[in-house]
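No value in this document is a laboratory result; all are computed from the given coordinates. Note that the coordinates shown come from a computational prediction; the quantities given were computed from them, not determined experimentally.
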Amino acid sequence: MPTRFATRLSALVAAVLLTVAAASCSGPIEERPSLILQAEQQESTPAATVAGLSQQPADGQVRPPAGGYAKRMGLHIDVPYLANRKLDTIPAHVIADQLGAEVSRKELPESELELSFEKAEVWLYDDRIYRIRKKLAHPMDIPTALGTSGFPLDLGAPIEASAELRWNFTWNMRRIRLERAPNDDRLYVAIDVYAFLPKEFF
């Protein structure tokens, strides 16, 4: 009899302990949000990340206002952002970062203007950027030259010439050119992009 009583008592204690443990587990717990929710939260903040990299530079430079344009890390120049945009609508910090200070300007016929900046050359038609040419920081292969200029790493098969590669009507651009390095035809030293050709409007 004492043995049966001890067994029942032991079973009762075990059941009570299990009930308490279950109650504590079913109580409110702070759960980590889903990966999708985390991604949405990151995209809604000024420090949104692209491919896991922060868009904000870590060098102490002045940041653009929250919700404004921020160049992705890894880009030297964001040609798709600049091209076909009126120059006076581009924030000053973007011009300073990507083009540098203006060095000279030259008026051309038919409402065109050629501007030389420290880091690139820009052509305007009716105050709108239609061409950007930039010397690359160093000789680059195709994916690096395209990627650091804001384009996908692969634009498909190009038109090849002895001194250049060219894509027409690609990535919302009229023409994208990579100029070959003179001593190594596998590398490229400049990118020259036309958003449109003014003469096609004349």
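Of note:
- Taking a straight line from the alpha carbon of Lys134, these lysines sit under 17 Å away, with near neighbours fewer than eight places off in the same chain left out: Lys71, Lys119.
- Using bins of 10 Å that start at zero, the share of Cα-Cα pairs per bin across the range 93-141 amounts to 26, 51, 20, 3, in whole %.
- Distance from the alpha carbon centroid of the range 138-198 to that of the range 85-108 works out to 22 angstrom.
- Mean shadow area of the range 155-202, taken as a quarter of the surface of its Cα convex hull (nm²): 3.7
- Principal axis extents of the C-alpha atoms in the range 75-201 (largest first, rounded to whole Å): 36, 31, 24.
- Backbone phi angles across the range 138-148, fed through the Karplus curve with coefficients 6.51, -1.76 and 1.60 (θ = phi - 60°), yield HN-Hα couplings of 6, x, 10, 7, 4, x, 5, 4, 6, x, 6 Hz in residue order; Gly and Pro are listed as x.
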